[in-house]
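The values are calculated or read from the model by the stated rules, or taken from the named source; none is laboratory data. Just so we're clear, the structure is a prediction, and the values are computed from it rather than from any experiment. No Cβ is skipped: glycine too gets one built from the backbone with ideal geometry, and neighbour counts run over all protein chains shown. Surface accessibility is based on the protein's heavy atoms, side chains included, excluding ligands, DNA and RNA. Shrake-Rupley method; radii C 1.70, N 1.55, O 1.52, S 1.80 Å.
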Amino acid sequence: MGRIVGLTGDETAAEVMRQINPDVLAAYPITPQTETVQRFSEFVADGKVSTEMVRVESEQSAMSACIGAAAAGARAMTATSANGLALMWEIVYIAASCRLPIAMVVVNRALSGPINIHCDHSDSMGARDSGWIQIYSENCQEIYDNLIQAVRIGENREVLLPVMVTFDGFIISHCTERLELLEDKKVRDFVGEYKNSYPLLNVDNPITYGPLDLFDYYFEHKRQQIEAMEKVPQVIQRVGEEFEKLSGRTYSLMEEYKTEDADFILVAAGSTAGTVKTAIEELREEGIKAGLLKIRVFRPFPVAKICQVLKKAKAVAVLDRSASFGAQGGPIFLEVRSALFGEERKLPVINYIYGLGGRDISIEQIKGVYRNLQKIADTGKVKKLVDCIGLRE
Amino acid sequence: MKEKGWKEIPIGGLILKAGNAEEYKTGDWRTFRPVRDEEKCTNCLICWIYCPDSSIIVEDGKVKGIRYDYCKGCGICATECPVEAIKMVEESEFRKKGGE
Ligand code: SF4
Ligand code: SF4
């Protein structure tokens, strides 16, 4: 049994990074990620880590420094939010295409404008096609566990891709929760040492990173990235099993909550999954068979597993904490609906956009979603495919 | 050079061998070819200093020729030559006259 502590989400991220003790951490402060980097810089100042902390002048430089460090052969990490992630944009793609397993904390915050510092998923969802693995965390314990596993997943020889671990700004980043920490040594043994097969600093065998890649080979390199992503689910599964032995906590591509006999299933990611669980408890007391499928890994999207869980339901609602302007619905909805298209039985799948810019979502509102699913199952009619929760008309 | 499939190449666009740019013949980008008049040339080696592609072949302090496998035909050598010993000739013209 590990040590029980009370930490905020940001403090948790800093604490686990202290335990991982990366070779390099390059970051620029941005709300609501700030405390993560602030706390970590204290660890650096107090000599609690041997990390080389690079205090850059922008997020673009933060990701560039991480790329340089990872290419050189170092384990590199960073943390950011919303506009910071946006400022990194070009380099985010380069990290993935150079196949450098950088681990990045993304504290989810609404992407401007108008400017807003509170939670939604528009920042990381915007980066869904950047070639990064994306893992969403519900609470502080998951931040801790996900970050430890992220290092191993990204650095796996068959994968070699960067990993984003996200959690909800303020809702989790600034909320103190109980969590269990493993011993430092156990964490360090679990993550092991990062060994880059092609370190830039190997002077005996000089190599080139990031050359010009035109119509003759660019396509082949993209195909390799697709292949690497396809390897990720099994690696996540294996790392999850190993982590379970260490911590007693089970992790898979997604979490199922009372889905086994569920007639109505909600799909959600992030802290709202916790609220949905409470709603499910209350609905079950009324005899309504409600369930939750929590998206843990959004990239790669676990199509087969998700179909397996959802296809038995009478109706499904997907909650998206971001909008995809001009699309048929939110990003998670698009994935889920498309995944279910191959199923023989067409089951109704609806979408709710909620919580943009940090707007709260209540248990009652979530119960309302389940009640709507009940109505859809009873009448066989979907009145509105995509709707909003908590929006004033 | 036969182009390789995605399973055969290093990941991430990495180039694992140093100095292999040599295998990539850039000479076929050329529209104009520098042609040097040996009679006029004083072997001052200014063209050798200026050539961005190291395509002026020098032996024992004398210009021996031009490496057409790599010369991109930029014309810098012709511009810089103080005695106008290098002329830029259109490749198509050159070929018409039986050159290769
Ligand atoms: S034309 Fe340009 S590349 Fe060719 S030899 Fe002259 S300077 Fe070098
Ligand atoms: S610059 Fe002209 S004169 Fe000088 S070496 Fe070159 S070709 Fe000859």
(request) Go through the range B:74-95 and give me each residue that's within 13 Å of residue B:55 (Cβ to Cβ) and of a type in the set (Val, Ile, Thr). (result) B:76, B:86
(request) May I ask you to verify whether residue B:80 is charged (D, E, K, R), within 14 Å of chain A (Cβ to nearest Cβ) and open to solvent by 60 Å² or more (accessible area, probe 1.4 Å)? (result) no
(request) Check off (1) in contact with a Lys or Arg (Cβ under 7 Å, 6 or more places away or on another chain); (2) more than 20 Å from residue B:26 (Cα to Cα) for residue B:98 and give me the number that stays unchecked. (result) (1)
(message) If I filter the range A:70-93 for residues that are open to solvent by less than 10 Å² (accessible area, probe 1.4 Å), in contact (Cβ under 8 Å) with a residue 60 or more places away in the chain, among the hydrophobic types (A, V, I, L, M, F, W, C) and not in a helix (DSSP H, G or I), do I get at least one hit?
(response) yes
(request) Check the range A:228-245 and report whether any residue there is within 15 Å of residue B:8 (Cα to Cα) and aromatic (Phe, Trp, Tyr). (result) no
(request) Scan A:194, A:136 and give me the residue that is aromatic (Phe, Trp, Tyr), away from every other protein chain (no Cβ under 14 Å) and under 17 Å from the mean Cα position of the chain (by Cα). (result) A:136
(message) Take the conditions surrounded by 13 or more Cβ atoms within 10 Å (Cβ to Cβ), away from chain A (no Cβ under 14 Å) and closer than 30 Å to residue A:205 by Cβ and apply them to residue B:41. Does it pass?
(response) no
(message) Checking residue B:61 against (1) within 16 Å of ligand 2 (Cβ to nearest atom); (2) surrounded by 11 or more Cβ atoms within 10 Å (Cβ to Cβ), only one condition comes out false. Which one?
(response) (2)
(request) Give the residues of the range A:1-58 that are among the aromatic types (Phe, Trp, Tyr) and open to solvent by 30 Å² or more (accessible area, probe 1.4 Å), sorted by residue number. (result) A:28
(request) State which residue is surrounded by the fewest Cβ atoms within 10 Å (Cβ to Cβ) when the search covers only the range B:83-100 and only residues that are within 13 Å of ligand 1 (Cβ to nearest atom) and of a type in the set (Val, Ile, Thr). (result) B:89
(request) Give the residue that is least open to solvent (accessible area, probe 1.4 Å), with candidates limited to residues of the range B:2-31 that are more than 9 Å from chain A (Cβ to nearest Cβ) and in contact with a helix residue (DSSP H, G or I) (Cβ under 7 Å, 6 or more places away or on another chain). (result) B:30
(request) Name every residue in the range B:48-58 that is within 9 Å of ligand 2 (Cβ to nearest atom), within 20 Å of residue B:89 (Cβ to Cβ) and touching a Lys or Arg at 6+ places or on another chain (Cβ under 8 Å), in order of residue number. (result) B:56
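Residue-by-condition table, conditions (1) outside any helix (DSSP H, G or I); (2) within 14 Å of chain B (Cβ to nearest Cβ); (3) open to solvent by 50 Å² or more (accessible area, probe 1.4 Å); (4) in contact (Cβ under 8 Å) with a residue 40 or more places away in the chain:
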residue: A:144; (1), (2), (3), (4): no, no, no, yes
residue: A:154; (1), (2), (3), (4): no, yes, no, yes
residue: A:164; (1), (2), (3), (4): yes, no, no, yes
residue: A:171; (1), (2), (3), (4): yes, no, yes, yes
residue: A:179; (1), (2), (3), (4): yes, no, no, yes
residue: A:190; (1), (2), (3), (4): no, no, no, yes
residue: A:203; (1), (2), (3), (4): yes, yes, yes, no
residue: A:225; (1), (2), (3), (4): no, yes, no, yes
residue: A:230; (1), (2), (3), (4): no, yes, yes, yes
(request) Given the conditions (1) at the interface with chain B (Cβ under 7 Å from one of its Cβ atoms); (2) surrounded by fewer than 12 Cβ atoms within 10 Å (Cβ to Cβ); (3) of a type in the set (Gly, Ala, Ser), report the number of the one that residue A:210 does not fulfil. (result) (2)
